[in-house]
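Take a look at the structure below.
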Amino acid sequence: ASLFGHVEPAPKDPILGVTEAFLADPSPEKVNVGVGAYRDDNGQPVVLECVREAERRIAGNLNMEYLPMGGSIKMIEESLKLAYGEESDFIKDKRIAAVQALSGTGACRLFADFQKRFLPDSQIYIPTPTWSNHHNIWRDAQVPQNTFTYYHPESRGLDFSGLMNDIKNAPDGSFFLLHACAHNPTGVDPTEEQWREISHQFKVKKHFPFFDMAYQGFASGDPERDAKAIRIFLEDGHQIGCAQSYAKNMGLYGQRAGCLSILCEDEMQAVAVKSQLQQIARPMYSNPPVHGALVVSIILNDPELKSLWLKEVKGMADRIIGMRKALKENLEKLGSPLSWEHVTNQIGMFCYSGMTPEQVDRLTNEYHIYMTRNGRISMAGVTTGNVSYLANAIHDVTK
Ligand code: PLP
């Protein structure tokens, strides 16, 4: 028998599998609204102009030395200003332990491993539903998982009372994973007032919030506004954890640029925590990649490039918001008796359409429209050119 004879093929990733099927379809009408990557109105991938300019400045100017184990100090500094606020006292007081991470996924994984190592009896509460990889990340870090109520299927909005009950009923001092903005896959975020209530209840229960912020700027078009939930928790005096990603908001997907930060009691604790995060990273990948980090720090450190970035990230968010409107209007024009209010109420890259797996199968089989079977539409794949085709197909399978 061969050494690896017992190895069965792994189940397909529900998200990446959609792209494979899309690529294999020869139909000229095919539409990919599965993948979570931004596309322009012609359905093409986008490299931001601010990124191109940063790359021009880097070109030929850079040696290929290793970054420090914790990553680029400058990139971390800029990332913390973005998440915690330009004038944050926590930054001035050096209370934040932070390391550059392999984008948002790597930041989550590093935190999960840290949680396992230093709080071995803790669990993580994850919203239902969530980005499917969250389950894999904490599973592989061997942190037991629990779920909390989040989505309300009937209203296709937030189940706020269910959410608050689950927060109250969790044992004191529990770890919760929160999407800072543009919840994936539902596109449903709490309002500011609801965030304040959630923060208050966390305080009462001494829970620890870990924010996964994969879409800062991508939700509303304004990174400051998208950081509101985090800022509310900071004002209320919580210690928090935060995973940042530049995949979506700078379009740096494959560069794997991100940051993990943990707000500590004081500087001494932050130094200790940072040193342990580095110790976890060292045997896994030693140190993070340099190019994306440099692009990020150049853009955020240069007022002109930063304002170009703000303009470009708003452009991406606005195009998506526009496509939400167009999709809803097209469905209404076709005479759909169903309510499509949630298409425009939801925010960020995804629309949780409420379509059943069977309806999604019909979209794929009859219309060559590719998306995950949970009914999640990536709004980034919707364009002026395909929105009416998409609306027509959705209307047909839901009527
Ligand atoms: N977290 C959420 C909620 C996401 O939707 C994503 C990407 O789809 C990520 C994290 C991580 O993405 P990346 O590792 O590319 O930064």
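In table form, for the structure just shown:
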{"quantity": "Residue-count net charge about P45 - beta-carbon cut-off 13 Å; Lys, Arg +1, Asp, Glu -1", "calculated": "0"}
{"quantity": "Student exercise, the stretch 18-147 dipole from Lys, Arg, Asp, Glu Cβ charges, in Debye to nearest 20", "calculated": "400 debye"}
{"quantity": "The stretch 137-293, dipole about Cα centre (Lys/Arg Cβ +1, Asp/Glu Cβ -1), debye to the nearest 20", "calculated": "440 debye"}
{"quantity": "Sites L16 and K168 - FRET efficiency at Förster radius 35 Å, r taken between beta-carbons, to 0.05", "calculated": "0.40"}
{"quantity": "Computed [θ] at 222 nm, helices only, for the chain once each DSSP H run of length n ≥ 4 contributes -39500 (n - 2.57)", "calculated": "-14000 deg cm²/dmol"}
{"quantity": "Per-pair calculated FRET efficiency, R0 = 45 Å: N61 and L334 via Cβ, rounded to 0.05", "calculated": "0.25"}
{"quantity": "Distance between modelled label sites at D40 and R139, nm, 7 Å Cα→Cβ extension", "calculated": "3.9 nm"}
{"quantity": "Neighbour net charge for D189 - beta-carbon separation under 10 angstrom, K R +1, D E -1", "calculated": "-1"}
{"quantity": "Environment charge of G217, counting only residues whose C-beta is closer than 13 Å and scoring Lys/Arg +1, Asp/Glu -1", "calculated": "+1"}
{"quantity": "Span per principal axis, largest first, for the Cα atoms of the stretch 53-161 (Å)", "calculated": "54, 34, 31"}
{"quantity": "Rg followed by Dmax, in Å, when the chain is reduced to its Cα trace", "calculated": "21.3, 63"}
{"quantity": "Cβ-placed point charges (K, R +1; D, E -1), dipole of the chain about Cα centre in debye, nearest 20", "calculated": "340 debye"}
{"quantity": "Exposed-loop-free span, longest in the chain, where GluC sites (Glu not before Pro) count as exposed if DSSP calls them loop and at most 13 other C-beta atoms lie within 10 Å", "calculated": "266-399"}
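Every read-out reported here was derived from the displayed coordinates using simple, explicitly stated rules and does not represent laboratory data. Keep in mind that what you see is a predicted model, and the values were worked out from it rather than measured. Virtual Cβ from ideal backbone geometry, glycine too; neighbours counted across all protein chains shown.
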